[in-house]
Amino acid sequence: MDIKAFEDFQDLAGNAGLVYHYSGHFDEEVRRSLSANLKNRLEQESAAGGIKRKLFSSFMEMAQNVLHYGGFVDAQEQRGTRPGAIAVGRDALSYWIVCGNLVPLAQVPRITERLAALKQMSVAEIKQAYREQLANDEHNALEPESKGAGLGLLTIARDSAHPLEYKFLSHQASEGRFAYFYIKAFV
């Protein structure tokens, strides 16, 4: 990246209200470091306690999604990689958090169905669904591909002030096996 491109990136980030951003490889060590950095940044921002809790909760859920579901296996190195990006920003009314990561193409319909249903639910319905899912002991047998019993998306939706935004884009380098999944919440 040349200096002008970096300058343009900084201008765009500032104009978009970007407070915090990471793009790269995700593993547990990176997640821990990012979460500590985000806590510090929110302290600097003087964010209210409830806002910090919701932002941090959504951040953790999004980062866990990258760790649990994103990525692909590098055929040469025979190891899993978890590329992703996560950002926190604010506008005049609220903070926002957005995350992007690869998901297996076969999972896109299931994720889309879940997110479309969440967009139709009221906050009270989301909270009720969350409580019901906490008590659901049969989840692992019914949906083994969901490591968190579906609580992650419910948590993000519960903490968001507006319906979640999401988008899937094809990922050219994955030979049609993965899509890039973006999700955005407002706190």
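All of the numbers you see were taken from the coordinates with simple rules; none came from a lab. It should be emphasised that the depicted structure is a prediction, and the values quoted were computed from it without experimental measurement. So basically every Cβ, Gly included, is an ideal-geometry build from the backbone, and we count neighbours across all protein chains shown.
Around Ala129, under 11 Å between beta carbons, what's the net of Lys plus Arg minus Asp minus Glu among the other residues?
That works out to +2.
Starting from the Cα-Cα distance between Gln44 and Lys119, subtract it from 0.36 nm times their residue separation and give me the gain in nm to one decimal.
23.8 nm
Would you list, by chain and number, the lysines whose Cα falls below 20 Å from the Cα of Lys39, excluding same-chain residues fewer than 8 positions away?
By straight Cα distance, Lys39 reaches Lys52, Lys54, Lys184.
Which ³J(HN,Hα) values in Hz, rounded to whole numbers, follow from the phi angles of the stretch 120-127 under the Karplus curve 6.51 cos²θ - 1.76 cosθ + 1.60, where θ = phi - 60° and Gly and Pro get x?
Karplus-based 3J(HN,Hα) across the stretch 120-127 equals 8, 8, 7, 4, 4, 5, 5, 5 Hz.
Counting Lys and Arg as +1 and Asp and Glu as -1, what is the net charge of the other residues whose Cβ lies under 10 Å from the Cβ of Tyr182?
+1
Would you mind counting up the charge near Ser57? Only other residues with Cβ under 13 Å from its Cβ, with Lys and Arg at +1 and Asp and Glu at -1.
+3
Efficiency by 1/(1 + (r/R0)^6): what FRET value for Arg110 and Ala85, r their Cβ-Cβ distance, R0 = 35 Å, to the nearest 0.05?
Step by step, r from the Cβ atoms, then E = 0.95.
So what J values fall out for the stretch 83-96 if you push phi through Karplus, 6.51 cos²θ - 1.76 cosθ + 1.60 with θ = phi - 60°, rounded to Hz, Gly and Pro as x?
The phi angles translate into x, x, 9, 8, 9, 10, x, 8, 10, 5, 9, 7, 8, 9 Hz.
With a ≥ b ≥ c the root eigenvalues of the C-alpha gyration tensor of the stretch 1-130, is it rounded (a/c under 1.5), prolate (a/b larger than b/c) or oblate?
oblate
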